[in-house]
Amino acid sequence: VAIGQLSGVTYDQNGAPISFVTVYEKGTTNGTVSNIDGGYTLNLERGKHTIIFKYIGYTEVSKEINIDGILNLDIALKEQSVKLDDVVISANAEDPAYRVIRAAIRSRDKHNNEVKKYAVDLYVKGVVRMLETPKKIFGKEIGDMNGMLDSTGRGIVYLAESQSHVYFHQPNFLKEEMYSSIVAEDDGSYNFNQFKGSNFNIYEEYFEFGRSMLNPLADNALLFYNYKLVGTHLDEQGRIINKIKVIPKSNARPTVFGTLYIIEDSWRVKELKLSFTGKAIKQPVFDTITIQQIHLPVDNNAYRVFSQTMRFTLGGFGFKVGGGFTYVFSNYDVNPDFDKSLFSLEDFKMNDDAVKIDSSFWTSVRPVQLTQEEKNNYVKKDSLKKLWASKSYMDSLDREDNKFSLANLLFGYTYSDSYNKRSLSISSPLSTYNFNPVSGHIINAAIEYEEVDSFENRRLRINSKFEYGFSDRRIKNKTKVTYRTNRKFWENWIFELGDSNVQFDSDGGVPNIIDTWTNLLYKKNLASYYRKKHIGFGYEREVYNGLFVRSNINYIDRSPLYNTSDFSFRNREDNYRINNDISEDLPNVFFKSSSSLEYNFNARIRIGQTYSSYPKFRVRSQGNWPDIWLYYTKGISTLGDTDYDKLKIRIYKYDINYKIYGHSRINIEGGTFLNKEKLDFMDQFHFTGAQTLFTFKDRYIRGFKTMPFYKYTTTNNYISGFYEHNLDGFLLDLIPEVNKLGWKTVIGANALVRQNQSNYYECSFGISEVKIKSIVLFRFDYVWSFDDTGLVDRGIVLGLSSLFN
């Protein structure tokens, strides 16, 4: 069929261009959206057409055209004049908007379910711009970011387009297949333009954006919103359109603000423009996020989203970023020939041949016209991409970046060979100081070598950590070699070799910074160490979707250690606890030097794991079911001094969503020894504890807040449970000024039940996300702890963020 092309500019009555005007052929979903400069292009069959120009807040324009080739048509839109009938309203009368909103709420489920299934083509364009850039960050010059920014520190840092097929089936089955992709400066094999993370449905109870945002048409919306009827107007079909202003009762609540256009009698949403702030979602790095949608009839007066734009601004550390994504839907099919069997746990897929960088291809299929800046950016990035890929350019960058500076003394040093995808990194000993009475003053140096193949599938990584104690005068080393053979399925071969001092509880012992703090200031050594010399081999892989396995075998030589230093800043007259004297309940855990041959097998079962597929890798998401981990360890007596079979099961779910009431995390563990003929103290079941004012908040869902270390170590059967409910600001949002801080209330409860032994319990109430601007510093909890006799302790615990670790 011969194709014609309609193009032009949309502007207002003052001649200023209007961005994101919806332009479509009447009676179809063939259309486009004007770009940020107001420019649009629409491909049409040759002949007569009626073209509609629609923008929220402006009077719709309808134009009859006869196209026979290329036609230019500029359109001026006028602000919509709305009529508000004169009514006599008493002091206690409610706004007329509430009549409309109540009717729309009653009709919400009807409109949400009127289309059982559909298939649609989707075009997405994403553009992100750097609006402000600092000269330096952490002492390092920002420059022009390898040519992406101009002399003012501005420029496009992300520009991408994509085409996808989207399939939907009630109640919530969604599948997206991206068949075309182009990303400026990149090979296009990863694209942020997926729709599933931006599927804002005005007929659902909530919008999901990190935090559940209450829809202004939700069942309980009147508790959180005020509404005002701005006025009414008649649309092109003579229907009354109500313009409703949405006003949150509290700006700190998870609510939106903006405008809804609702059709009288049918009570469906025709257009919307809604925004929410970073404070509302407890993400202060965001300023404002705005969603704009135009809905059109697709079949038997059933409406679907035709165009959507999402705009945002964010900033931090002197950077300010702005941009957004434009979505254009076309070729709706509301009677497609598929059923629920089409849908699988793979809810997004980018085809292997999706990358299409040919400019003529995109010129023919692109529904949203590029601005001149975007055209220039593609050309510029294409040149830069070739430049960046050249050996001479990479070598020149490496020569500059590989120069040693004073900052490397604090942050470490990296030597890069970018062209061959190799690097060597050395951590700074100045930032890795520790102290304990077994080794004395300690400095660490970690060296990492990494090499990646040209397809980024195989990767060799060698980590070697050296530690020197100035009191025991020993150099310790742990080396781990990881060879990735399949990126998509997390397949790794692992070799380990080491001679180091490790804590008896190597998984949940005392963090080094806490150990150093308590030793130097209070002369209270909470950690206990033994010498571990080992060699091991391992393998891990996702066997199939939802089943990940890890297996390794290690030969370990273990020997006791003793204190060699009595140094401390304070309490110098006191003595450190003997290293092996773990606690009053477990005195003198001395053991003879022994060897152990250990076999470990771990498996994670994730029922309902969904995933997104890209040509080179997968991105996985936890489903509605909790993860199940199985841990099995065998002490093999034939080549070692241990003989035991240890089994632990862990069930956890990190995001149980209760919408505006917050989310919960739960972790339940149980363990048993199937055989415990011969084992040492470090082979027993240990439980992560904390005995100081400070700990790390990432330990909370897997450890206790005030439990003494090793007091409850056992070889008996046990069950432990950890539960936290984060109210996401639900309570603190009610307190003026406090609701601006982004704090969140957290309620917790933990328990340990041991067979034929005493038990331990905790409950806590705390405040999380205590921060300076966007930098999270800590959370604080007030904790009550109990054993079988009653209350044993209570007090404040500060959970430090990973910034301090």
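The values are calculated or read from the model by the stated rules, or taken from the named source; none is laboratory data. On a predicted model such as this, the values are computed, not experimentally measured, just so you know. For neighbour counting, all protein chains shown are included, and Cβ atoms are generated from backbone atoms with ideal geometry for every residue, glycine included. Accessible surface areas use protein heavy atoms only, side chains included; no ligands, DNA or RNA. Shrake-Rupley method; radii C 1.70, N 1.55, O 1.52, S 1.80 Å.
What the table below lists for this structure:
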| read-out | value |
| --- | --- |
| Average silhouette area of the chain, convex hull of alpha-carbon atoms, in square nanometres | 40.5 nm² |
| Of the chymotrypsin sites (Phe, Trp or Tyr not before Pro) in the stretch 442-480, those whose Cβ has at most 10 other Cβ within 10 Å and which sit in DSSP loop | Phe455 |
| Charged-residue dipole, Cβ positions (Lys, Arg, Asp, Glu), the stretch 575-717 about Cα centre, Debye nearest 20 | 900 debye |
| Accessible area in square angstrom per residue, the stretch 301-340, 1.4 angstrom probe | 39 Å² |
| All Cα pairs of the stretch 506-583, percent lying beyond 15 Å | 70 percent |
| Rel. contact order, % - alpha carbon contacts under 8 angstrom, at least six apart, the stretch 628-695 | 29 percent |
| Over the stretch 604-687: Rg over Rh, Cα atoms, Kirkwood Rh | 1.16 |
| Quotient of C-alpha Rg and 2.2 N^0.38 Å, computed over the stretch 188-319 | 1.14 |
| Average accessible surface area per residue within the stretch 501-632, 1.4 Å rolling probe, Å² | 48 Å² |
| Length gained when the stretch Tyr544-Ser774 is fully extended (0.36 nm per residue, less Cα-Cα span) | 78.9 nm |
| The chain, accessible surface, carbon-and-sulfur percent (1.4 angstrom probe) | 54 percent |
| Residues in the stretch 219-255 that a label on Lys78 would reach, taking backbone N under 13 Å of a point 7 Å out along Cα→Cβ | none |
| Cα extents of the stretch 564-720 along the three principal axes, largest first (Å) | 58, 47, 34 |
| Shape call, the stretch 77-193: gyration tensor on alpha carbons, a/c limit 1.5 | oblate |
| Calculated from backbone phi, Karplus (6.51, -1.76, 1.60) coupling profile of the stretch 711-719 in Hz, x at Gly/Pro | 4, 10, 4, 8, 10, 7, 5, 8, 9 |
| By accessible area with a 1.4 Å probe, ligands and nucleic acids excluded, highest first: order of Thr638, Thr692, Thr152 | Thr638, Thr152, Thr692 |
| Label-point gap, in nm, between Glu456 and Glu737 - each point 7 angstrom along Cα→Cβ | 4.9 nm |
| Computed P(r) (all Cα pairs; the stretch 712-805; 5 Å bins; percent) | 3, 12, 18, 18, 17, 12, 9, 6, 3, 1, 0 |
| Gyration tensor (Cα) of the stretch 478-518, equivalent ellipsoid semi-axes in angstrom | 30, 13, 8 |
| Interchain or long-range residues, amide H under 5 Å from Phe704's placed H | Thr688, Gly689 |
| Solvent accessible area, Å² - Trp625, 1.4 Å probe, full protein context | 150 Å² |
| P(r), alpha carbons of the stretch 652-775 - 5 Å bins starting at zero, rounded % | 2, 10, 17, 19, 16, 13, 9, 6, 4, 3, 1, 0, 0 |
| Built amide H within the under 5 Å cut-off of Asn579, gap 5+ | Asn563 |
| Reciprocal mean inverse distance between Cα atoms of the stretch 1-126 - Kirkwood radius, Å | 17.6 Å |
| Probe 1.4 Å, accessible area per residue of the stretch 153-277, Å² | 35 Å² |
| Over the stretch 178-234: Kirkwood hydrodynamic radius from C-alpha pairwise inverse distances, Å | 14.9 Å |
| With DNA, RNA and ligands ignored, accessible area of Lys320 (1.4 Å probe; Å², nearest 10) | 80 Å² |
| Gyration tensor over alpha-carbon atoms, the stretch 319-420, equivalent ellipsoid semi-axes in Å | 41, 22, 16 |
| The stretch 369-444 - Kirkwood radius from inverse mean 1/r over Cα pairs (Å) | 15.8 Å |
